[in-house]
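Just so it is clear, none of the values below were taken in a lab; they were calculated from the coordinates. The structure presented is a predicted model; accordingly, all values stated were derived computationally and were not measured. We place every Cβ from the backbone using ideal geometry, glycine too, and count neighbours over all the protein chains shown.
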Amino acid sequence: MKISLIAAISNNLVIGKKNTIPWNLPKDLKWFKKNTIHKTIIMGRLTLESITHALPFRTNIVISRKKIIQKNIIWAKSINDAIISSIHSKYDQNKEIMVIGGGEIYTQMLFYANKLYLTHVNCNITGDSYFPQYKLFKHWKTTFKKKILKDKQHSYEFCFEVLTR
């Protein structure tokens with residue numbers, strides 16, 4: 001089973017501010033949907049609070065010390081519990097778990113990850129949630145890269161990148 005992390009990150013690794021995404025990039029949302037649909041997604045409690053509900057057509061697993069009872073959400077009290085729960089997912093045939101945030105969950109799961117789906121947003125901003133220093137692990141290889149220019153819908157230039165190890 002593959003474990004993949006998917007995130008949009010600024011140049012200074014910011015992923016969030018006050019439990020919101022600090023930019024509006026419609027093409028990034030389409031990228032996120034394309035790469036997570038019909039898969040198991042794992043997130044932390046604060047990420048669930050920011051999106052407010054389970055994402056459709058995915059198995060939604062939330063890691064939290066406090067029990068979560070919410071429609072279409074599977075509660076896991078640890079990373080190990082989340083991975084075990086994903087094995088029994090109706091989307092298990094994809095053999096890829098997508099970790100969607102937040103910062104603490106990314107940090108804990110980076111060690112286990114085989115693949116990163118990153119959107120590099122060309123900006124330096126202040127935030128309170130960060131993606132881990134993945135470049136410290138030198139063995140990541142870029143397998144896909146696509147640049148998107150700033151336009152009327154996108155306030156920043158950004159780049160999709162897929163890395164594997």
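To make sure I understand, if each residue's beta carbon is the centre and we count other beta carbons within 10 Å, what order do Phe111, Phe137, Phe158 fall in, fewest to most?
On the way: Phe111 10, Phe137 13, Phe158 26.
If I rank by nearby Cβ atoms, fewest first, I get Phe111, Phe137, Phe158.
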* Mind putting a number on the dipole of the chain about its Cα centre? Charges go on the C-beta only, +1 for Lys and Arg and -1 for Asp and Glu, and I need it in Debye to the nearest 20. => 280 debye
* Which pairs in the list Lys30/Lys146; Lys30/Lys145; Lys77/Lys135 are over 21 Å apart, alpha-carbon to alpha-carbon? -> Lys77/Lys135
* **Additional length obtainable on full extension of the chain from Gln153 to His88, 0.36 nm per residue less Cα span** => 19.5 nm
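If you filter the stretch 1-73 for trypsin sites (Lys or Arg not before Pro), then keep DSSP loop positions with at most 16 other Cβ within 10 Å, what is left? Kindly include the intermediate steps, with their values, before the conclusion.
Details: sites: Lys2, Lys17, Lys18, Lys27, Lys30, Lys33, Lys34, Lys39, Arg45, Arg58, Arg65, Lys66, Lys67, Lys71; in loops: Lys18, Lys39, Arg58, Arg65, Lys66, Lys67, Lys71.
Answer by residue number: Lys18, Arg65, Lys66, Lys67, Lys71.
Calculate, in nm to one decimal, what Asn24 and Asn114 gain on full extension: separation in residues at 0.36 nm each, minus their alpha carbon distance.
On the way: separation 90, 0.36 × 90 = 32.40 nm, distance 2.76 nm.
Full extension from Asn24 to Asn114 adds 29.6 nm.
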* Structure fact -> Least to most buried among Val162, Val121, Val62, by other C-beta atoms within 10 Å and fewest first, runs Val162, Val62, Val121
* Measure out, as a whole number of angstrom, how far apart the alpha-carbon centroids of the stretch 1-48 and the stretch 98-165 sit. => 9 Å
* Asked: So which of Lys18/Lys141; Lys27/Lys141; Lys95/Lys141; Lys18/Lys66; Lys66/Lys138; Lys66/Lys150 end up more than 30 Å apart by C-alpha?
  -> Lys18/Lys141; Lys66/Lys138; Lys66/Lys150
* Degrees, to the nearest 10: 26-36 long Cα axis against longest axis of the chain -> 30 degrees
* Of (1) 40, 32, 27; (2) 75, 40, 32; (3) 85, 39, 36, the label for Cα extents along the principal axes in Å derived from the coordinates -> (1)
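Can you work out the FRET efficiency for the pair Asp81 and Arg165, with r the C-beta to C-beta distance and R0 = 30 Å, to the nearest 0.05? Please list the in-between numbers first.
Values: r = 25 Å, r/R0 = 0.82.
Once the sixth-power term is evaluated, E becomes 0.75.
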